[in-house]
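Okay, structure first, notes after.
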Amino acid sequence: MQIEYKHDEVFRDGFHYANSPAAIRRFPFPFHEDQYMYSVNIEPHVAGPVGSVLEHPFDIDEHYIGECRERALVLEADPGRCQALPHMMAAQWDSLELMMTSLAASYPAQFGLRRDGARWHWHNRLLGIEQSFVFGDVQTLPYAPMEYIMRQVQGDWVLMDHRHDNLYMDAGVVTTQADWSLDFDLGMTFSEWHGPVPMVHEMGIIDRALKFLLNLQAGAPVRRLNWTMTVNPRLDTSPEQYPHWGADRSKVTADNAGELAHLRVELQTLFRLPRSHAIGFGVRCYLISMNELATVPKWAARMHRVLRSLPDELADYKGLTRYRGAVIDWLSRFDDGRPLSNGTAPE
């Protein structure tokens, strides 16, 4: 698929962001039915349809340049968005190898990798980066290996150490999160990290997910979709930045919801890393405005029904309470009550 990369996108005040018609059609719309409830919903992370967000292990799309620029701005203002406990260095090198080899294989016109034993040469043509380095030698890179490669990849990355029959969030580069903090969660167990999520503990979802992930094998990654909403096309909705985005929730009305309200979908991928035995957790964020969503009639009608029937506990946890009604009112014009087919494919 030929990608036309956008060079002028802005994901903060003064927003400038839009999805092309091709990006809208490949958007990972998450609702298969007219109602939503949490589930484990994990499936093998195998190659999906050509041109889809699932075609490659790591998806690169038209927003790549703008998102990399946004990550650099966040890390410059708050270096604490990239943290790693000392014992995670092997997992950092695992991460760099996984991403470099994947990107070079999936997008050979954009990324190149040459390896001669421990001597590697990396070429990122989209960002104009060339780097020769010695794999395993931190001094030969301008940043630690995880930060170096994550400045060139869309989405966030968390490293979970596997010890004592549990998973611990012990490293990460997190700049596009939906209202959670790496600085606060660093070192937490899997269950502690998911502690604020309503209903899932009572339903046993966290325990089942942990049991599954503890048995995750190298070479057999898995994936799932998660979702929330955000106001404006803002990637950085971290607690640290709440003063800059919290008030936006009060600005959405039934008249402007099409422009301001965005569905925020996370493609979450999990890889067992071969050297360190850690689990790499990728969280790739996709944004689409209600105006753009409404160009696919089935999606607009289903979004209306999902929001209308969403349990209040989930709406509150996802931060939708203050503007959910306005978005429902705006979407109602696209829902005539007709039956919708199961699945997410546009009709």
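The values are calculated or read from the model by the stated rules, or taken from the named source; none is laboratory data. A quick note: this is a predicted structure, and the numbers were derived from the prediction, not measured. Cβ sites come from the backbone with ideal geometry, for glycine too, and all protein chains shown count toward neighbours. Protein only, heavy atoms only, side chains kept; ligands, DNA and RNA dropped before computing areas. Shrake-Rupley method; radii C 1.70, N 1.55, O 1.52, S 1.80 Å.
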Quick one: which helices (runs of 4 or more DSSP H) lie wholly within the range 201-304 and hold at least 1 residues that are closer than 22 Å to GLU9 by Cα and open to solvent by 10 Å² or more (accessible area, probe 1.4 Å)?
242-245, 257-260, 290-293
Checking the structure you have, find out if any residue of the range 37-45 is hydrophobic (A, V, I, L, M, F, W, C) and in contact with a Lys or Arg (Cβ under 7 Å, 6 or more places away or on another chain).
yes
Here is a check on your reading of the model: is SER95 in a loop (DSSP other than H, G, I, E, B), open to solvent by less than 50 Å² (accessible area, probe 1.4 Å) and in contact (Cβ under 8 Å) with a residue 24 or more places away in the chain?
no
Given the conditions (1) at pLDDT below 95; (2) touching a helix residue (DSSP H, G or I) at 6+ places or on another chain (Cβ under 9 Å); (3) not polar (S, T, N, Q), report the number of the one that MET203 does not fulfil.
(2)
Test: GLY117 is out of contact with any His (no Cβ under 7 Å at 6 or more places or on another chain) and modelled with pLDDT of 95 or more:
yes
Inside the range 277-292, can you point out the residues that are out of contact with any strand residue (DSSP E or B) (no Cβ under 8 Å at 6 or more places or on another chain) and in contact (Cβ under 8 Å) with a residue 60 or more places away in the chain?
GLU292
Breaking point among (1) touching a residue at least 40 places away in the same chain (Cβ under 8 Å); (2) more than 14 Å from the chain's Cα centre (by Cα), for GLN241
(1)
Answer with yes or no whether ALA90 is in contact (Cβ under 8 Å) with a residue 60 or more places away in the chain and over 19 Å from MET150 (Cα atoms).
no
With respect to the numbered conditions (1) in contact (Cβ under 8 Å) with a residue 12 or more places away in the chain; (2) over 28 Å from LEU225 (Cβ atoms); (3) open to solvent by 40 Å² or more (accessible area, probe 1.4 Å); (4) part of a helix (DSSP H, G or I), which one is the sole condition not fulfilled by THR101?
(2)
Subset of the range 74-92 [surrounded by 21 or more Cβ atoms within 10 Å (Cβ to Cβ) and in a helix (DSSP H, G or I)]
VAL74, ARG81, MET88, ALA91, GLN92
For the range 133-145, check the following and say yes or no: at least one residue is assigned to a strand (DSSP E or B), open to solvent by 30 Å² or more (accessible area, probe 1.4 Å) and at pLDDT 95 or above.
yes
Within the range 9-43, residues at pLDDT below 95 and farther than 19 Å from ARG224 by Cα come out as ASP13, GLY14
Cβ pairs under 9 Å, 6+ apart or interchain, first in the range 30-48 and open to solvent by less than 50 Å² (accessible area, probe 1.4 Å), second hydroxyl-bearing (Ser, Thr, Tyr) and assigned to a loop (DSSP other than H, G, I, E, B), ordered by first then second residue, are PRO30/TYR36; PRO30/THR344; PHE31/THR344
Return the only residue of TYR5, TYR17, TYR38 being under 19 Å from LEU263 (Cβ atoms) and in contact with a helix residue (DSSP H, G or I) (Cβ under 7 Å, 6 or more places away or on another chain).
TYR38
Is it the case that ALA178 is more than 23 Å from MET146 (Cα to Cα), out of contact with any Leu (no Cβ under 9 Å at 6 or more places or on another chain) and buried (at least 18 other Cβ atoms within 10 Å of the Cβ)?
no
Mind counting the residues in the range 244-271 that are without any contact (Cβ under 8 Å) to a residue 60 or more places away in the chain and closer than 21 Å to MET160 by Cα?
1
Please name all residue pairs, on different chains or six or more residues apart, with Cβ atoms under 9 Å, provided the first residue is in the range 104-119 and is farther than 24 Å from SER52 by Cα and the second residue is open to solvent by 90 Å² or more (accessible area, probe 1.4 Å).
none
For VAL158, the lone unmet condition from (1) modelled with pLDDT of 95 or more; (2) under 29 Å from PRO243 (Cα atoms); (3) assigned to a loop (DSSP other than H, G, I, E, B) is (3)
Subset of the range 325-345 that is within 22 Å of the chain's Cα centre (by Cα) and in contact (Cβ under 8 Å) with a residue 60 or more places away in the chain - its residue that is surrounded by the fewest Cβ atoms within 10 Å (Cβ to Cβ):
GLY343
